[in-house]
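Notes follow once the structure below has been shown.
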Amino acid sequence: MENTVVIGAQWGDEGKAKITDLLAENADIIIRYQGGCNAGHTVVANGKTFKFHLIPSGILYKNKLCFIGAGTVIYPDVLKKEIEDLKKDNIDLSGLKISPLASITMPYHIDVDGYSEDTAKGAEKIGTTKKGIGPTYTDKISRHGIKVQDLFDEEGLSNKLDLILPLKNKELTQVYGLKSYSKEEVTALCKKYAEIIKPYLCNDWQKIFLDAKKENKIILFEGAQGVMLDVDWGTYPYVTSSNPVAGGACTGSGFGPTVIKEIIGVSKAYITRVGEGPFATELTDETGEKIRNIGHEFGTTTGRPRRTGWFDAVVAKYGVLVSGLTSMAVTKLDVFDTFEEIKVCVAYKDKRNGEIYDYYPTNINIHKYLEPVYETHAGWKSNISDIKKYEDLPENAKKYIKRLEELMGVPVSIVSVGPGRNQTIFR
């Protein structure tokens, strides 16, 4: 294994955590490089289900350095609960490290996020998880954010709050009609947050990373969400507020692009989406409900039913391009075990003029006029969940994978046929 980025190639929820968990066994360092507790990563290991939100999935292995990078945003209360839950399961957390440059989600970020989503109507709704992620990134970019290292600098934090709070309180009270926060209140919160993070603070990350390069240690970069939720490349404004694409691994981790050798995208054998926004292949009929029920398609973080649809090769090609994928992992192939036929979207057709799009139109305003152009493939009508070798898959399953490879332009290197670690086929 070489230094590898694992990213979601759809709208998130593709099963990245399982793939990251499997690859982490052969990695020395696992870095979560963006996003916050709005992400939900589920891993099934040794018959037990673990749900991660901030901590890298590789923490289930001993003697791994699991690093929460500068591109992430951390709500310490959620981090504390995640740490406590892992301790209850006797998971060793000695390898957990947190960048001093990561940003802190404050309660007022959650206040604003909830207000903005609750008061939005119709097309204005984004479908946010109301975890304060967007407002945290907003403050980061506007240079009004609090970083992890600020929690441990009493004088610096005091000066920063003197600058931040008058503006923040004016915004909270006059724009949103929400409560204000006193300096004493925020300072006390920051002290509490410092105590949560202190055992895992990694001020010597530069030395660790430089030594890792010298010693040729294997690095695994773990993304959250997916390409189509990227703030620059996704279906804006129905996106997250960070960069889940492979490029985000560099800006959010502390390693430059020359370190990365492989980029694995993760796609389901179909496609899902949580929240609002365009979704060309969405199935709102009994077929969509069948996929949802067999695939247990409910959000890890919110519990919301996921929108389901046929595999979209237009989306997949877009992900290959903007993230430079070297291969794809296809998950949940077993969900189709009982299907007579399976459809794949190969293009979009504009209902107004018949124009065909074999590339992804980034202007979401025209998507209401687009309909998918499908190929239909025969199902395999057999249980594949116990198959260990690719050559033992039913012929129609292999034909389906081969066609996806042709449409995407990259090989499928991993096929998942169930949630367990051992239900994975490496090619």
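Can you tell me which residue within segment 334-346, out of those that are touching a strand residue (DSSP E or B) at 6+ places or on another chain (Cβ under 8 Å) and surrounded by fewer than 18 Cβ atoms within 10 Å (Cβ to Cβ), is farthest from Val320 (Cα to Cα)?
So the residue we want is Glu340.
Ile291 - would you say it is touching a strand residue (DSSP E or B) at 6+ places or on another chain (Cβ under 6 Å), on the phi < 0 side of the Ramachandran plot, crowded, with 17+ Cβ neighbours inside 10 Å and part of a helix (DSSP H, G or I)?
yes
How about segment 134-153: which of its residues are of a type in the set (S, T, N, Q) and surrounded by fewer than 21 Cβ atoms within 10 Å (Cβ to Cβ)?
Across segment 134-153, the qualifying residues are Thr138, Ser142, Gln149.
Going by what's in this entry, would Ile208 be described as in contact (Cβ under 8 Å) with a residue 60 or more places away in the chain, assigned by TED's automatic domain parsing to the domain that holds Glu84 and not hydroxyl-bearing (Ser, Thr, Tyr)?
yes
This table checks each residue for (1) hydrophobic (A, V, I, L, M, F, W, C); (2) in a loop (DSSP other than H, G, I, E, B); (3) in contact with a strand residue (DSSP E or B) (Cβ under 7 Å, 6 or more places away or on another chain); (4) crowded, with 21+ Cβ neighbours inside 10 Å.
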{"residue": "Ala39", "(1), (2), (3), (4)": "yes, yes, no, yes"}
{"residue": "Ile59", "(1), (2), (3), (4)": "yes, no, yes, yes"}
{"residue": "Phe67", "(1), (2), (3), (4)": "yes, no, yes, yes"}
{"residue": "Lys80", "(1), (2), (3), (4)": "no, no, no, no"}
{"residue": "Lys87", "(1), (2), (3), (4)": "no, no, no, no"}
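Could you please find all residues in segment 322-337 being more than 10 Å from Met408 (Cβ to Cβ) and either assigned by TED's automatic domain parsing to the domain that holds Val43 or not β-branched (Val, Ile, Thr) (or both)?
Within segment 322-337, Ser323, Gly324, Ala329, Lys332, Leu333, Asp334, Phe336, Asp337 qualify.
Pull up segment 184-237, narrow it to residues that are among the aromatic types (Phe, Trp, Tyr) and either closer than 30 Å to Trp11 by Cα or assigned to a strand (DSSP E or B) (or both), then point me to the one that is farthest from the chain's Cα centre (by Cα).
Filtering segment 184-237 for residues that are among the aromatic types (Phe, Trp, Tyr) and either closer than 30 Å to Trp11 by Cα or assigned to a strand (DSSP E or B) (or both), the one farthest from the chain's Cα centre (by Cα) comes out as Tyr236.
Which residues, taken from segment 131-147, are assigned to a loop (DSSP other than H, G, I, E, B), modelled with pLDDT under 95 and in contact with a Ser or Thr (Cβ under 6 Å, 6 or more places away or on another chain)?
Result: Gly132, single match.
Matching residues to (1) within 21 Å of Glu340 (Cβ to Cβ); (2) touching a strand residue (DSSP E or B) at 6+ places or on another chain (Cβ under 7 Å); (3) not assigned by TED's automatic domain parsing to the domain that holds Gly234:
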| position | (1), (2), (3) |
| --- | --- |
| Lys351 | no, yes, yes |
| Glu355 | no, no, yes |
| Tyr360 | no, no, yes |
| Asn363 | no, no, yes |
| Tyr369 | no, yes, yes |
| Pro372 | yes, yes, yes |
| Lys381 | yes, no, yes |
| Asp386 | no, no, yes |
| Lys398 | yes, no, yes |
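Looking only at segment 172-182, filter to residues that are free of Cβ contacts under 8 Å to residues at least 24 places away in the same chain and surrounded by 12 or more Cβ atoms within 10 Å (Cβ to Cβ); which one of those is nearest to Ser116 (Cα to Cα)?
Thr173
Under 8 Å between Cβ atoms, at least 6 apart or on separate chains: pull out the pairs that start in segment 59-87 with a residue that is modelled with pLDDT under 95 and end on any residue that is surrounded by 23 or more Cβ atoms within 10 Å (Cβ to Cβ) and aromatic (Phe, Trp, Tyr).
Partner pairs satisfying both residue conditions: Ile59/Phe52; Glu82/Phe52.
Given the criteria over 21 Å from Tyr236 (Cα atoms), in contact with a Ser or Thr (Cβ under 7 Å, 6 or more places away or on another chain) and surrounded by 15 or more Cβ atoms within 10 Å (Cβ to Cβ), does Val330 qualify?
yes
Say whether the condition of being loosely packed, with under 15 Cβ neighbours inside 10 Å and either of a type in the set (A, V, I, L, M) or part of a loop (DSSP other than H, G, I, E, B) (or both) is met by at least one residue in segment 395-407.
For segment 395-407, residues loosely packed, with under 15 Cβ neighbours inside 10 Å and either of a type in the set (A, V, I, L, M) or part of a loop (DSSP other than H, G, I, E, B) (or both): absent.
Residue under question is Lys398, and the condition is that it be in contact (Cβ under 8 Å) with a residue 60 or more places away in the chain, of a type in the set (D, E, K, R) and in contact with an Asp or Glu (Cβ under 9 Å, 6 or more places away or on another chain); does it hold?
Judged against the criteria, Lys398 is not a match.
Of all residues being polar (S, T, N, Q) and part of a loop (DSSP other than H, G, I, E, B) in segment 238-267, which is surrounded by the most Cβ atoms within 10 Å (Cβ to Cβ)? Just the residue, please.
The qualifying residue surrounded by the most Cβ atoms within 10 Å (Cβ to Cβ) is Ser242.
The values are calculated or read from the model by the stated rules, or taken from the named source; none is laboratory data. In this text, all values refer to a predicted model and were calculated from it rather than measured experimentally. Glycine gets a Cβ as well: all are built from the backbone with ideal geometry, and neighbour counts include every protein chain shown.
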